[in-house]
Amino acid sequence: MTSRDRRPKVRFVLPLLFLLGGAIAPASGAQTVRLNGFIKSSYYYDTQQIVGAREGDFVLYPALATSADGEPNDVDNLLFFPFFSRVALTVSDLPKTFGAEVSGLIETDFYGPTNDDLNNLRIRRAFATMTWETSNREALFGMEWSPFFLSSWAQTVATEAGAPFNPFARYPMIRLRQSVGPVTLTGVLAQQRDAFQEIGSAERQQEAALPTAMAGLAVRSGSLSAGLNATTKWIRPESTADRFNSGALQAHATYKGQGVEVRTNVTYGGDLADHLMTGGYVVADGAARPLNVAAAWADAQTTGPVSVGLFGGYLENLGTEDSGLSPETAAFAARGYGETHAIASVWRVSPRVTVTSGAMRFGAELQATGARYITGDGPADVYDDTLAPSGRTDETVVNVRGNLSVFLTF
């Protein structure tokens, strides 16, 4: 695998015994403690090298045909992957707090917080929730999905659930929700963590001393739900640099009818690298500027013991909102998973079929992903004056992944 990937160190997972021990120990009082999760085994074949994470279980797009050191990437790859198996502990029926029903969840898997920590436990989600049922109000404190993912995500067999076309991130946060009839309002203050961090590490946001702010509005009517999300964040590229701001907007819709489900999502914004999308930011003419991206996807599937589904997505890098910039003097920020700002566009089409019987589910998915890279002898050959990739020479690389995954749910 090319990289975001690095070879992991395998370590002993003794902490799991404590988690399981706490789950089966007698609970005090009248509280309810429940253990659930799944065991997942995945088997992948790729027609060429990919850019992804966790040995390639999480795939973003195919790598450029020739790596930076001149090695060919157009060679196939095989991966057997068991580390996404998961266990969660929920607790409910606790004493009320300020008149609210209280519950909590802590969830872990063997994915590790970074590529180097594969086969180690991590906090995947962990939060306490206070719910005032009579006023339809909820407060959440802890680690949970970003609203940009949670509002609508693709039901793929693949772990990435539509990324990089769909924003994908979990954060430590404070989340407030208020429902009024069919309308739900959501407000979030969050901070980046683990894989979901700014280019140059999560310290870039910590040193900005301001959290990410998100707001959402969703409406439900029968089988249809739809909504809008917005986010803004402040980043300090260096500890002594000025802060700069970036934002994003999203529209989403879900239809759950008789025997069929359809989901769709459109996202536009700058510096969405912490949501595992392309772009990031650039320092040009003495100021940092977010690089914008536009992405859209749709996912449809039948429901029932045998389900057939199809996912399609498209993403395009758009550069900055300013023009007249010099590519030769611009300093692009890049993450370890490749210089995504040199990708003009990415597309994906993936049909799938799943079969569920009892506690077992079998999923087969064929995932074709193409990335159009802009190449050249220098920055002027790769970028225009908005620093969007639009050079004279482009190279489209396509990877086809065969995915067989088996789930045991408990």
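How large, in percent, is the carbon and sulfur part of the accessible surface of the range 241-296 at a probe radius of 1.4 Å?
55
So if each residue of separation counts as 0.36 nm, and I subtract the Cα-Cα distance between residue 400 and residue 385, what length gain in nm does that give?
Between residue 400 and residue 385, full extension yields an extra 2.0 nm.
Quick one: what are the phi-derived ³J(HN,Hα) couplings along the range 356-372, Karplus 6.51/-1.76/1.60 with θ = phi - 60°, whole Hz, x for glycine and proline?
Computed from phi, the couplings for the range 356-372 are 10, 9, x, 8, 9, 9, 10, x, 10, 9, 10, 10, 9, 10, x, 10, 9 Hz.
List the aspartates and glutamates whose alpha-carbon lies under 20 Å from that of residue 40, not counting same-chain residues fewer than 8 positions away?
Of all the aspartates and glutamates, those that pass the test against residue 40 - Cα under 20 Å, at least 8 places apart if same chain - are 55, 57, 107, 109, 117, 160, 365.
What figure, in Å² to the nearest 10, do you get for the accessible area of residue 353 with a 1.4 Å probe and non-protein molecules left out?
Ignoring ligands and nucleic acids, residue 353 comes out at about 60 Å².
Under a Cβ-Cβ cut-off of 15 Å, what is the net charge of the residues other than residue 393 that fall near it, where Lys and Arg count +1 and Asp and Glu count -1?
Taking every Cβ under 15 Å from that of residue 393, the sum is -3.
For the range 223-239, just list the computed ³J(HN,Hα) in residue order, Karplus coefficients 6.51, -1.76 and 1.60, θ = phi - 60°, integers in Hz, with x standing in for Gly and Pro.
7, 10, 9, 8, x, 10, 10, 9, 9, 9, 8, 10, 10, 10, x, 9, 4
Under 18 Å Cα to Cα from residue 96, which aspartates and glutamates show up? Leave out anything in the same chain fewer than 8 places away.
Output for residue 96: 133, 138.
How far is helix 15-24 tilted off the main Cα axis of the chain, in degrees rounded to 10, range 0 to 90?
On a 0 to 90 degree scale, this one is about 30.
I'm checking a number: the convex hull volume of the Cα atoms of the chain, normalised per residue, in Å³. What is it?
151
Suppose every Lys and Arg Cβ carries +1 and every Asp and Glu Cβ carries -1, with no other charges. What dipole size does the range 54-146 come out with about its Cα centre, to the nearest 20 debye?
The calculated dipole for the range 54-146 is roughly 540 debye.
Quick one: if you stick a label point 7 Å off each Cα along the C-beta vector at residue 97 and residue 213, how many nm between them?
Modelled inter-label distance: 2.5 nm.
Based on the Kirkwood radius over alpha-carbon pairs, what value in µm²/s does the Stokes-Einstein equation return for the translational diffusion coefficient of the range 132-209 at 37 °C and 0.692 mPa s?
230
So if we plug the beta-carbon distance of residue 131 and residue 268 into 1/(1 + (r/R0)^6) with R0 = 30 Å, what FRET efficiency do we get, rounded to 0.05?
Once the sixth-power term is evaluated, E becomes 0.35.
Give, rounded to the nearest 20 debye, the magnitude of the charge dipole that the chain has about its Cα centre when Lys and Arg contribute +1 at Cβ and Asp and Glu contribute -1 at Cβ.
The calculation lands at about 1800 debye.
Say each of residue 185 and residue 203 gets a label point 7 Å from the Cα, pointing the same way as Cα to Cβ; how far apart are those two points in nm?
Modelled inter-label distance: 3.9 nm.
Need the full-extension length gain, residue 221 to residue 303, defined as separation in residues times 0.36 nm minus the C-alpha distance. One decimal, nm.
Result for the pair: 27.5 nm of gain on full extension.
What are the ³J(HN,Hα) couplings of the range 145-159, residue after residue, when phi is run through the Karplus curve with 6.51, -1.76, 1.60 and θ = phi - 60°? Round to Hz, x for glycine and proline.
Calculated HN-Hα couplings, in order: 5, 4, x, 5, 9, 5, 5, 6, 10, 6, 8, 6, 5, 4, 4 Hz.
Just from its helices, what would the mean residue ellipticity at 222 nm be for the chain, if runs of 4 or more DSSP H residues each count -39500 (n - 2.57) and the sum is divided by every residue, rounded to the nearest 500 deg cm²/dmol?
Result for the chain: -1000 deg cm²/dmol, rounded to the nearest 500.
Enter the accessible area per residue of the chain (Å², integer; probe 1.4 Å; all protein chains in place).
With the other protein chains kept in place, the chain gives 44 Å² per residue.
The values are calculated or read from the model by the stated rules, or taken from the named source; none is laboratory data. Please read all numbers here as calculations on a predicted model, not as lab measurements. Positions of Cβ are backbone-derived with ideal geometry, glycine not excepted, and every protein chain shown enters the neighbour counts. Please note that ligands, DNA and RNA were not included when accessible areas were found on the heavy atoms of the full protein model with its side chains. Shrake-Rupley method; radii C 1.70, N 1.55, O 1.52, S 1.80 Å.
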